[in-house]
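Step one of this worksheet: look at the structure below.
The values are calculated or read from the model by the stated rules, or taken from the named source; none is laboratory data. These numbers come from a predicted model, not from an experiment. When we count neighbours, we look across all protein chains shown, and the Cβ atoms used for this are built from the backbone with ideal geometry, even at glycine.
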Amino acid sequence: MKKAALSGKKPYPQVKICGLTRVDEAVACIEAGADAVGCVFYPPSPRCVTEDQARDIVRALPSLAWVVGVFVDDAYSSILAIVEKCRLRAVQLHGREPPRLVESLRRQGLTVIKALFHKGMPPISHATLYRPSAFLVECAGGVLPGGNAMAWDWGVARGITNGRPLLLAGGLNPGNVAAAVRQSAPDGVDVSSGVESGPGRKDLEKVKRFIEEIRAIPPSGEIQRIFP
């Protein structure tokens, strides 16, 4: 298995492929150069996984690979129980979680990504209230808390994260990710439906093209690494 993509400093935005449900696809995403994969623990999502599914994914990946658990308005104890069982290194809070939850989880040694929304709660303007490891910023406004595959004015996210790393999401795909990166200058990008053949099923050719598009962008400025 290729591990070069998981180590060394890169001048390109990091790539997180979210909504993984299958071991083989998670492995293939990491082999293609993704810096992290995400497992969703939100029952209304068509990409929701069980704890056993997530644990199998973690076990199949190399030790340096990052698996991010995605939660929506879950309690501290519930999140920690899943983190421990699945051996997660990072969590993504994608609901209306209060700043104190972010801080409590960080004290456990976790990388904590907090979502903010252009058209949702908490809004981008609340960046000064939180102290996460990184912010994920997307539009929202759809049925589910995530991006709902809707493209938006990505430039709104530029420079709003109070000095913390920015993970850009929402409507990204191989055809538009280069433009989105130029507009927002993120430290990383997060994609799910934009590289799928169906909910929770990744199209590995799209994954490869997505990563190739990122790598083809001329490096610009300093990249803060979200997944060391």
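Some values worked out for this structure:
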quantity: Matching residues, the range 25-73, being within 22 Å of Ala134 (Cα to Cα), assigned to a loop (DSSP other than H, G, I, E, B) and under 15 Å from the mean Cα position of the chain (by Cα); calculated: Gly33, Ala34, Asp35, Phe41, Tyr42, Ala65, Val72
quantity: Total residues in the range 186-224, condition assigned to a loop (DSSP other than H, G, I, E, B), surrounded by 14 or more Cβ atoms within 10 Å (Cβ to Cβ) and polar (S, T, N, Q); calculated: 2
quantity: Tabulated pairs, the range 101-122, first of a type in the set (Lys, Arg), second part of a strand (DSSP E or B), C-beta under 9 angstrom, 6+ apart or interchain; calculated: Arg106/Val112; Lys114/Gln92; Lys114/Leu93; Lys114/Ala134; Lys114/Phe135; Lys114/Leu136
quantity: Qualifying residue in the range 85-97 (condition: among the β-branched types (Val, Ile, Thr) and either more than 16 Å from Ala134 (Cβ to Cβ) or outside any strand (DSSP E or B) (or both)); calculated: no
quantity: Residues of the range 100-137 satisfying the condition of being in contact with a Lys or Arg (Cβ under 7 Å, 6 or more places away or on another chain) and either part of a helix (DSSP H, G or I) or acidic (Asp, Glu) (or both); calculated: Val102, Glu103
quantity: Every pair of residues 6+ apart whose Cβ atoms lie under 7 Å, when the first sits in the range 20-37 and is under 13 Å from Gln53 (Cα atoms) and free of Cβ contacts under 8 Å to residues at least 12 places away in the same chain while the second is not in a strand (DSSP E or B) and not aliphatic (A, V, I, L, M); calculated: none
quantity: Selected residue [farther than 26 Å from Pro228 by Cβ and either modelled with pLDDT of 95 or more or surrounded by fewer than 19 Cβ atoms within 10 Å (Cβ to Cβ) (or both)] from Pro44, Pro62, Pro99; calculated: Pro44
quantity: Residue list for the range 174-183, filter: touching a Lys or Arg at 6+ places or on another chain (Cβ under 8 Å) and either crowded, with 21+ Cβ neighbours inside 10 Å or in a loop (DSSP other than H, G, I, E, B) (or both); calculated: Pro174
quantity: Qualifying position, being more than 17 Å from Val195 (Cβ to Cβ), surrounded by fewer than 23 Cβ atoms within 10 Å (Cβ to Cβ) and touching a Gly at 6+ places or on another chain (Cβ under 9 Å), among His118, His126, His94; calculated: His118
quantity: Breaking point among (1) surrounded by fewer than 24 Cβ atoms within 10 Å (Cβ to Cβ); (2) without any contact (Cβ under 8 Å) to a residue 60 or more places away in the chain; (3) under 22 Å from Ile30 (Cβ atoms); (4) within 16 Å of the chain's Cα centre (by Cα), for Gly171; calculated: (3)
quantity: Residues (aromatic (Phe, Trp, Tyr) and in contact with a helix residue (DSSP H, G or I) (Cβ under 6 Å, 6 or more places away or on another chain)) located in the range 205-228; calculated: Phe210
